[in-house]
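Okay, structure first, notes after.
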Amino acid sequence: MHLTSEDLKLFSTVPCGGYHLFTQAYYDWNPMKHQYVVYYAPQPNVTFVAGIGAGKTSALGMLFLTRALTIPYYRALNTSISSFQANLMFELLRGMIESNTRIQRFIKEIRVKPYPKITTHINSYIAFMTVGFQAQGIRGSEWDEINFDEGGYERSEETIIALRGRLRGRREDGTPRIARLFVTTTPTDVPWLRKRWERGIPDSKIEDYDPKSYFSLRATLFDNVYIPDWQREEIIKDMPAEMVKQEVMAEFPDWGESEFSEEHINACENPELNALMEHYTNPIVIHEDGSETSGTPLKGAMVTELPRIGVVRWEMPAEAGRIYAMAADPGTANPPKRNAGVVMVFDVTHKPYRMVFMHWVSGNGSYTPWLATLKYALEKYNPVVRGLDATGPQKAIDELVLEREGIHVDSVTFSNDKTAMLNALKLMVQNHEIEWPFIKGLRTQLRAYRRDDKDLAQDLVATLMVFAYVVRFLQPKEVTTYQLPTSSSRTRTPGRRQQQFIRRAR
């Protein structure tokens, strides 16, 4: 690779404050003030809490790429709880590189499988991969810099300790590695994040305030000078009120009198399921010579994530001999707004009941997408319990649409059964009799949920409440019938319902 005199001049400015000159010349990108500060922060631990649209992904992406272009044998890792989130930076950088002839000559390789990786001609690279359970997927490696994207949704501090332990050593040319850990995230109520944040904020009053080792900064949607006001307004109006403070203004949440404690949510949220899904959908085969190739994804497993929203579809294979139960809440809106439709299926063969299917449906103003998901889940898992929220206008879904389709469900209404449904879910969660993977929207709704949920986005929690309520009437596997709950909302006689359950259980 040949560097021109102009290249050499621009490359030499980066270490001494010329980062913006470099990015303008090669990327047509001018860093905002907070992005510039992130690049030159000297502390080895940087906590960057930011709202959506604040530019945290581009800030770290351009930082890593600039270092990979100017520092030989540099190694950077962008990681997250999911490969989707980890790969957002890759897609940003790949798109910029492929459309930019000024920097293409510096790039040796861009690969997608078995995990994305960008390699430069000076033997530096940036890798993008999931963190795995407590960083097990990256143990044994050494890096200059690691960014844990949306790290605030990682509840285990052991993962942070493991990542910190990967930042060490020297490069192949003998120079010491930078050894810097970035945590860029929406602020959450995870204790280790708040402690890490306070260690690096000016004038912090905590005992272990350590400005030499920790640096913290906040950026909001309004700090991004490139987003016009009308676009900010559009972003905010689509968000539930309880999310604006956290997701837009980057302020740590105060859930107040939430019905579900962090302790019990943590006990039911199983991140190993996320690692399992990653293995099923993006398997990596490690050969005896140390090389890695992509394996064959498992049929029947899939996960769909959306930027900022997180997982909206989670699907595991249906297994012969297992017993499944379903809960559903009709809706026409799009996540994360209130009144988005939800369908969930749990394996109830034994406790803890495990989530195997969840679809937070984008209805786009219609019940049709939700109904299609409902029919799909019924056909795939053949659940023996089929709880449906038939509150208010949704009662017509049960009485008209599902009757016409020949779909038999077990209707409950929040107007009659809400207290019993909430108590059923609280007992199930407190006794750790249910488990689900990390799903950002589900965790947020559970932490924010209050008994008076009039103005809350709570469709995921409501569906869990339906499940917890109806699954109580499921008897052990050997029993083919069970006593059904009574409810004034039911549209069929108990005798007829019981016969439907007998046929399904068989």
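A compact table of results
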{"quantity": "Any hit, the stretch 436-457, residues being modelled with pLDDT under 90, buried (at least 22 other Cβ atoms within 10 Å of the Cβ) and within 18 Å of ALA328 (Cβ to Cβ)", "calculated": "yes"}
{"quantity": "Residues (in contact (Cβ under 8 Å) with a residue 40 or more places away in the chain and either in contact with a Cys (Cβ under 6 Å, 6 or more places away or on another chain) or of a type in the set (A, V, I, L, M) (or both)) located in the stretch 251-277", "calculated": "ILE265, ALA267, LEU273, ALA275, MET277"}
{"quantity": "Single residue of the stretch 383-404 satisfying the filter (in contact with a helix residue (DSSP H, G or I) (Cβ under 7 Å, 6 or more places away or on another chain) and either over 23 Å from VAL461 (Cβ atoms) or of a type in the set (Val, Ile, Thr) (or both)) that is modelled with the lowest pLDDT", "calculated": "VAL401"}
{"quantity": "Residue in the stretch 143-158 that is free of Cβ contacts under 8 Å to residues at least 40 places away in the same chain and not charged (D, E, K, R) present", "calculated": "no"}
{"quantity": "Residue within the stretch 255-262 that is exposed (fewer than 15 other Cβ atoms within 10 Å of the Cβ), part of a loop (DSSP other than H, G, I, E, B) and not assigned by TED's automatic domain parsing to the domain that holds PHE438 present", "calculated": "yes"}
{"quantity": "Checklist (1) in a loop (DSSP other than H, G, I, E, B); (2) in contact with a helix residue (DSSP H, G or I) (Cβ under 8 Å, 6 or more places away or on another chain); (3) surrounded by fewer than 16 Cβ atoms within 10 Å (Cβ to Cβ) applied to PHE222, failing item", "calculated": "(1)"}
{"quantity": "Tally, over the stretch 134-187, of residues that are modelled with pLDDT under 90, under 19 Å from the mean Cα position of the chain (by Cα) and either more than 26 Å from LYS440 (Cα to Cα) or of a type in the set (Ser, Thr, Tyr) (or both)", "calculated": "1"}
{"quantity": "Failed item, numbered, when THR296 is tested on (1) under 30 Å from LYS375 (Cα atoms); (2) at pLDDT below 90; (3) of a type in the set (Val, Ile, Thr)", "calculated": "(2)"}
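For every residue, the table says whether it meets (1) farther than 22 Å from ARG199 by Cβ; (2) outside the structural domain of THR188 (by TED's automatic domain parsing); (3) among the basic types (Lys, Arg); (4) modelled with pLDDT under 95.
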site	(1), (2), (3), (4)
HIS2	yes, yes, no, yes
LEU8	yes, yes, no, yes
PRO15	yes, yes, no, yes
TYR19	yes, yes, no, no
THR23	yes, yes, no, no
GLN43	no, no, no, no
THR47	no, no, no, no
GLY53	yes, no, no, yes
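The values are calculated or read from the model by the stated rules, or taken from the named source; none is laboratory data. For clarity, every value in this text was computed on a predicted model and none was experimentally measured. In this analysis, Cβ positions are derived from the backbone assuming ideal geometry, glycine residues included, and neighbour counts consider all displayed protein chains.
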